[in-house]
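Some notes on the structure that comes next.
The values are calculated or read from the model by the stated rules, or taken from the named source; none is laboratory data. Small disclaimer: the values here were computed from a predicted structure and weren't measured. We place every Cβ from the backbone using ideal geometry, glycine too, and count neighbours over all the protein chains shown.
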Amino acid sequence: MIRHLPLAVILLLTALCFSAGWIESLRGIDSNDADLSLRFLSPSTAYWLGTDELGRDVFLRLLYGGQVSLGVALLAALAAGTIGTMIGMTAGYSGGRTDALLMRLTDLLIALPALPLLIILAALDLEKLGITAEAAHAKYASLYKIAALIALLSWTTLARLARARTMVLRQSDFVRAARALGVSHPRILMRHILPNILSTISVAVTLAVGHIILMESVLSFLGLGIQPPLPSWGNMLTHAEDHIWDNTRLMVYPGMLIFTAVLCFNFMGDHLQDKLDPRNLERK
Amino acid sequence: MTAEALLYRMAQALVTLLVLSFLVYTLIGLMPGDPVDLMIAGNPHMTAEDAARLRDLYGLDRPLLARYGTWLASALSGDLGYSRLYGLPVLDVIFPRLLNTLMLMGVALGLTVALAVPLGVFAAVRKGRLTDKMIGVFCLAGISLPAFWLGLLLIALFSVTLGWLPAGAVLDSPDVKTRLLSMVLPVLTLTLAGLAIYIRHLRSAMIDALRADHIRTARAKGCSEPRVIWYHAFRAALPPLVTLFMLDLGTLVGGAMTVETVFAWPGMGKLMFDAVMGNDYNLALCGFLVLAGCVLIANMLADMLYGLLDARITSGGKA
C-alpha cells in the first residue's frame, strides 16, 4: 500500500496544480492581483494560506507555481531522456570511434560543475541567438529556456545507461538474427533494442524528474530561472528569503512542496530500480 | 599510474580546458550587451561615435575567432584582464574567494565523510533490518531536500527563532569566535545536504564488497567480524567510492554555490553569481575556468588514488 503512496501524491499534486484556474474562478480571487493593503495576511477562510509581500494569494500562487515547476521538470526529463537514449544507443551500437567520441563528450559534461555552467547559460541573451524579441520576452519564454538548458546538461547519466544496455543487447542472438535477416540498423535500434532498454530508461527518467525539479528551483531561486510574474516554487522562495525575519511562514510552503514532489519521484525511481535489479531477485 | 599515463592525463586535461575556454568565451559573447554598452550606461556624455571608436579600440568589432585568439594569447602570458565589478585583476579577485570556498567545502566534506562512513557501513552490515531502513529513509529525504531551502530553514530556526547563530558569513570580523560561529550554519547545511549521497554510495559499495568470496574466506578462517568489515570489506569498497566521490565533485561545487548565496559566503559560487548578475563577463569566464580546472585536477587525483588503492590497476597485470 505504502509503495503506491508516492504515485498517488504526485497525481494528486499535479491534478491540484492544474485545476488552479478552476479554483481561482470558484473563489473569485485573481492570483496576479497585487494589493499592497493586503500584504502578509495570516491564513484565513478568504486566503487559505495567507498573502505574500504583494498581497497576492499564496495558495493559488503555489498551485500556479506547481504547474510551472512540474511542467518544466517533466518537459526537461523527457527531452533529456530522448537525447540520452539516442546518444547512448548510437554509441553503444556503433562502437569504435563514434562510441569513443560520444563517451568522451559525456564524460566531459559529467565532470563539469553543472550549476556554474547553468548560471552562465541562463544569463544568455536569447535575442543574440537569433530568436525574435517578441518570442524572447513572451510570458513563457523563461520556462522553455530553462527546460531546454536543464535537458542539455542532464542527458549524460541516461546516455551511459542506454549505452551499457545497448552494448549487451547488440551481442544477443535475436539482434544477430535480425541482422542476418537483413534488417536495417535504424530498424534494429528502434524495433529490437529500444523496447528492451525502455524499462531501464524509464526508471532513470523518473529519478531525473526529481533531480530536475531541484535544479529548476535552485536556478529560479537565484533569479536566473523562471522569471516573475510567472511563479515557480523556486522563485517564490527568492522573495520569501527577503522576509525570513518577519514572515518565515512564506518560506516554508514552496520548500515543502519541492521537497514532497522530489521525494515522491525519488521514491518511485528507487522502488522501480530495486524491482529491476537482477541482484535483488535471488531473495524473492 | 605510470609517469607516461600521468602526462597523458595532464595533456588531456589541458586540451579540455582549452576547448572549454573557447566554448565559454563564445557563450559570454552571447550575454546581453558588451563592455562598451556598459560604459555608455555609466557615462551619459558618450556619443555614438565615441562608442564606435571604443569598439574599434578594444577590437570588439572583430570576428569572434580573432578576439578569442587575442584573449588566449594574453591569458597564456599570464594576463587574464580586469574585473569590471571590483576594478582588480581577475586572479586577485578569484584567489581569496577560491580559498574561502575550499575552506567551506573542506570542513563540510571532512564532517560529511566522518559521519557517512560509520552510518553507511552500519547500514550495509545490517542490510534489510530496521536500522538500515531508517538510514534509508533519512537518505531518501536527504537527496530530495533542496540545499538552499535547508539553509533557509536552519536560518529560520537558529537565527530568527532562537537567535543563537548569525544568519550570514562575517569572515572579516576581527573576533575569531564570531567568524567561527558564522561558519556553523553553512557547514551544517552543506554537510546535511551531502551526507545522504555519500551514505548511499558507501552502503551499496559495502554491500557489494561483503558479497565477495574473500569475505567468506576471511570469515571461514575465523577472522573477527570487525576485522572482516573494516579491514577486508571496507578496503575493497574504497576504490569505487573514490571515483564516485570525485565524479560528484562538480555537483558538490554547485551545492556549495547555492549555500554560499544563501549565507552570503564570499566564495566562488557567490562570485560567479555576482559576476553574471553584474555583467562582469571576464570575471565569470575566468571564474568558471578556475572551477572547471579544479574539478579536472580532482578527477585526475582520483584516478591516481584509484591506482594506489587498487593493486590490480597499478601492477598492470604483472602480479
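Structure notes:
- Residue satisfying all of: in region B:6-60; under 30 Å from A:Leu112 (Cβ atoms) and among the acidic types (Asp, Glu); surrounded by the most Cβ atoms within 10 Å (Cβ to Cβ) among these: B:Asp34
- When B:Leu65, B:Leu102 are screened for being out of contact with any Cys (no Cβ under 7 Å at 6 or more places or on another chain) and assigned by TED's automatic domain parsing to the domain that holds B:Leu18, only B:Leu65 passes.
- Residue match in region A:198-211 (condition: of a type outside the set (A, V, I, L, M) and at the interface with another protein chain (Cβ under 9 Å from one of its Cβ atoms)): yes
- Flag for A:His239 being facing chain B (nearest Cβ under 10 Å) and in a helix (DSSP H, G or I): no
- Where B:Leu57 falls short, out of the listed (1) aliphatic (A, V, I, L, M); (2) touching a helix residue (DSSP H, G or I) at 6+ places or on another chain (Cβ under 9 Å); (3) part of a helix (DSSP H, G or I); (4) not assigned by TED's automatic domain parsing to the domain that holds B:Glu260: (2)
- Residues of region B:81-95 classified as without any contact (Cβ under 8 Å) to a residue 60 or more places away in the chain and at negative phi, total: 4
- Test: residue in region B:240-255 that is away from chain A (no Cβ under 14 Å), touching a residue at least 24 places away in the same chain (Cβ under 8 Å) and buried (at least 21 other Cβ atoms within 10 Å of the Cβ): yes
- Unique residue being surrounded by fewer than 17 Cβ atoms within 10 Å (Cβ to Cβ) and either at pLDDT below 70 or in a loop (DSSP other than H, G, I, E, B) (or both) when the list is A:Ser31, A:Ser37: A:Ser37
- Of all residues making up region A:245-258, the number that are in contact with a helix residue (DSSP H, G or I) (Cβ under 7 Å, 6 or more places away or on another chain) and surrounded by fewer than 18 Cβ atoms within 10 Å (Cβ to Cβ): 2
- Taken together, A:Ala261, A:Ala204, A:Ala208, A:Ala240 contain a single residue that is modelled with pLDDT under 85, crowded, with 20+ Cβ neighbours inside 10 Å and in contact with a helix residue (DSSP H, G or I) (Cβ under 7 Å, 6 or more places away or on another chain), which is A:Ala240.
- Hey, B:Asn43 of a type outside the set (Gly, Ala, Ser) and touching a residue at least 40 places away in the same chain (Cβ under 8 Å) or not: no
- Total residues in region B:256-284 satisfying the condition of being surrounded by fewer than 22 Cβ atoms within 10 Å (Cβ to Cβ) and under 25 Å from B:Val19 (Cα atoms): the figure is 4.
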